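**Student:** I'd like to ask you about the structure that follows.
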Amino acid sequence: MYQNLEQCIIDLEKNGHLIRIHEEVDPYLEMAAIHMKVFEAAGPALLFENVKGSKFRAVSNLFGTVERSKFIFRSTWDTTQNVVALRNDPVQALKNPFNHIRTGFAASKALPMKKSSSAPVNFQEINISDLPLIQHWPDDGGAFVTLPQVYSEDPDKQGIMNANLGMYRVQLSGNEYELNKEIGVHYQIHRGIGVHQDKATRKGEPLKVSIFIGGPPAHTLSAVMPLPEGLSEMTFAGMLAGRRFRYSYVDGYCLSNDADFVITGEIHPGETKPEGPFGDHLGYYSLTHEFPLMKVHKVYARENAIWPFTVVGRPPQEDTAFGALIHELTGDAIKQELPGVKEVHAVDAAGVHPLLFAIGSERYTPYQSVKQPAELLTIANHILGTGQLSLAKYLFIAAEESTPLDTHKEAEFLSYILERMDLSRDIHFHTNTTIDTLDYSGTGLNTGSKVIFAACGDKKRDLCKEVPDQLKDLRGFENPRFVLPGVVAVQGPEFSTYETAQVELKELADAIKAKGSMPTCPMIVLCDDSQFLSEELNNFLWVTFTRSNPSHDIYGVNEYYDFKHWACDNMIIDARLKPHHAPPLIADPDVEQAIKRFFVKGASLDGLNIK
């Protein structure tokens, strides 16, 4: 059980999970580039002891593997998992009360504990400019905090038990922010802090916000946990840390006594400034938009403070391990929340939010000789109306029958659906609706469409194992590549406008139709680089589902409408980059070359197996 971040770092180093980097490292691009190289090699956590321009050390890749994360939480993992499970299914406590005495005791011990009305004695006041101002990607708008714990309280019900602790990115410098006086906080109005801000705005009051950075690793994880009703982030942090969340109030702001850094300030009604760009988890920049401005009150650092950070970009990244960790801790929570659902998998390779694979039950019409999705569609709509799952664009859902299904075996799961889906019946669109703020494939910020592909019953088709003849020698569309059974990528001309695209796609569909029926290939992907897309499964998932808006970019061979229902013989997804898309993240080649000095013989990272 760690009382602070440094104790965790010492423990990791002692057990071979951490390496110190002694050389000076530039926070402009170099630290992030080193982190990504080491993460990609499944390497250790990194302690940067000499950050250029700052007296503070920095640590990254703490949660880089699930194994290391479970090592960090080894003494409290099982008990915390039991408490979360009990909150998700309280009936279990009534059935087996004596089995849960220890679990209840653990939860009660974890309640937050107020220490004083003054800052901890080991805290010193500093400025934003004293921090490691880390810029991750060349076109980022400035330096960002990537592992913040953003704390706010309900203006109608003050106090820590009515507070929200969330992880919302924070821009420290750049753009129009006045250094040391202003920072940007990026969040959506439906998130916990957004609800608090809305209430404060209605009262005509500023919202007091505290940003904690560092502290026991359990505090960082608690800020991203989707917790069951009635279990606060601070209580969860205490359980997972094996030690109560200790806090103080200073000038009306809550301070985490165990944090390495705390930034306090106010968000005033209606005050925003341009935030971004920022290299984000979809693998593209999120662009510059107006987001709430926080006026800095005070900045604190504990003695020997360490700045934790991560790097987000095209998956997989460290937040991939975060997601796997959360999935293990929450267990069967999704089954409790969504009746009939057996499994939901937000596909990491596609940027998490764009693509969901799900398994549900199909019990509505057991007497029918030919099965078709019915209950599955009810479940699908429930999924797309639930929390963060509502940000998805593509949902592939199947009923588990005689064949056991696993949504994490992505190629097999997709093949199962493509073998059984009726393309004239089982494709269902939701148009003019909400999608992820960070997804620029739609029609505007937060707006786009969704599509459900549902499948159950017997296999309807064999899937092609190579490029069908109908997709060869198509004028203007070249280099057809086999991707997966039933999926082929075709390279097309550069996208210009949707008006032109509709003409191009009609020509492509008509050309395929003219060559004869092609039932073995239900999915064709039109792209800019078919070789890249077909090289590996992750490329297919990333390009196809991050670069398309279902309502605008799905076409069909022999497409038609049956009243309001769209149908086709073979679907074509236009996954070309479009002018309104955000640019993909590309590393700076000069920086990539420069960081090689840390991996040469005799340097701090000598011996790591880095490509």
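**Student:** At a 1.4 Å probe, what is the % contribution of carbon and sulfur to the accessible area of segment 2-74?
**Tutor:** Using a 1.4 Å probe with all protein chains present, segment 2-74 comes out at 47 percent carbon and sulfur.
**Student:** Then there's this: Counting helices only, and only those DSSP H runs with n ≥ 4, report the 222 nm mean residue ellipticity of the chain as the sum of -39,500 (n - 2.57) divided by its residues, in deg cm²/dmol to the nearest 500.
**Tutor:** -7500 deg cm²/dmol, from helical runs alone.
**Student:** Take the solvent-accessible surface of the protein heavy atoms, probe 1.4 Å, and return the percent of it on segment 452-501 that carbon and sulfur atoms account for. Walk me through the intermediate numbers first.
**Tutor:** Values: 1100 of 2560 Å².
Of all accessible area on segment 452-501, carbon and sulfur atoms account for 43 percent.
**Student:** Within a Cβ distance under 11 Å of Q171, other residues only, what is the Lys/Arg minus Asp/Glu net charge?
**Tutor:** Once all neighbours under 11 Å are counted, the net charge is -2.
**Student:** So, by mean Cβ neighbours within 10 angstrom, what's the order for 594-601, 236-243 with the highest one leading?
**Tutor:** Averaged packing, sorted descending, gives the order 236-243, 594-601.
**Student:** Leaving out ligands and nucleic acids, and using a 1.4 Å probe, what accessible area per residue does the chain come to in Å²?
**Tutor:** 41 Å²
**Student:** Please label the shape of segment 204-326 as rounded, prolate or oblate, based on the square roots a ≥ b ≥ c of the eigenvalues of the alpha-carbon gyration tensor (a/c under 1.5 means rounded; beyond that, a/b larger than b/c means prolate, else oblate).
**Tutor:** Here segment 204-326 falls in the oblate category.
**Student:** Something else: Filter the trypsin sites (Lys or Arg not before Pro) in segment 281-372 down to the DSSP loop ones having no more than 13 other Cβ atoms within 10 Å, then list what survives.
**Tutor:** Hits after loop and neighbour filter: R363.
**Student:** For segment 431-437, just list the computed ³J(HN,Hα) in residue order, Karplus coefficients 6.51, -1.76 and 1.60, θ = phi - 60°, integers in Hz, with x standing in for Gly and Pro.
**Tutor:** Ordered by residue, 3J(HN,Hα) equals 10, 6, 9, 8, 9, 4, 4 Hz.
**Student:** List the pairs from K409/K450; K55/K199; K371/K513 whose alpha-carbon separation is above 30 Å, in the order I gave them. Spell out each step's value before the answer.
**Tutor:** On the way: K409/K450 23 Å; K55/K199 39 Å; K371/K513 28 Å.
Result: K55/K199 exceed 30 Å.
**Student:** A further question follows. Pairs of alpha-carbon atoms within less than 8 angstrom and 6+ residues apart define the contacts here; what relative contact order does the chain have, in percent?
**Tutor:** Working: 1339 pairs, mean separation 79.3, N = 611.
The value is 13 percent.
**Student:** Compute the signed sum of charges (Lys and Arg +1, Asp and Glu -1) over the other residues within less than 12 Å, Cβ to Cβ, of I572.
**Tutor:** With Lys, Arg at +1 and Asp, Glu at -1, the neighbours total -4.
**Student:** A further question follows. With helices defined as uninterrupted DSSP H runs, which ones in the chain have an alpha carbon span along their own long axis of at least 20 Å and mean Kyte-Doolittle hydropathy of at least -1.0? Please list the in-between numbers first.
**Tutor:** Values: long enough: 498-514 (23 Å, -0.22).
The answer, listed by residue number, is 498-514.
**Student:** Can you pull the three principal axis extents for the Cα set of the chain, in Å, largest first?
**Tutor:** Sorted largest first, the three principal extents are 78, 62, 53 Å.
**Student:** What share of the DSSP beta bridges in the chain is antiparallel, in percent to the nearest 5?
**Tutor:** Within the chain, antiparallel bridges account for around 70 percent of the total.
The values are calculated or read from the model by the stated rules, or taken from the named source; none is laboratory data. Everything numeric in this text was worked out from a predicted model, so none of it was measured. Note that we place each Cβ from the backbone using ideal geometry, even for glycine, and neighbour counts take in every protein chain shown. Surface accessibility is based on the protein's heavy atoms, side chains included, excluding ligands, DNA and RNA. Shrake-Rupley method; radii C 1.70, N 1.55, O 1.52, S 1.80 Å.
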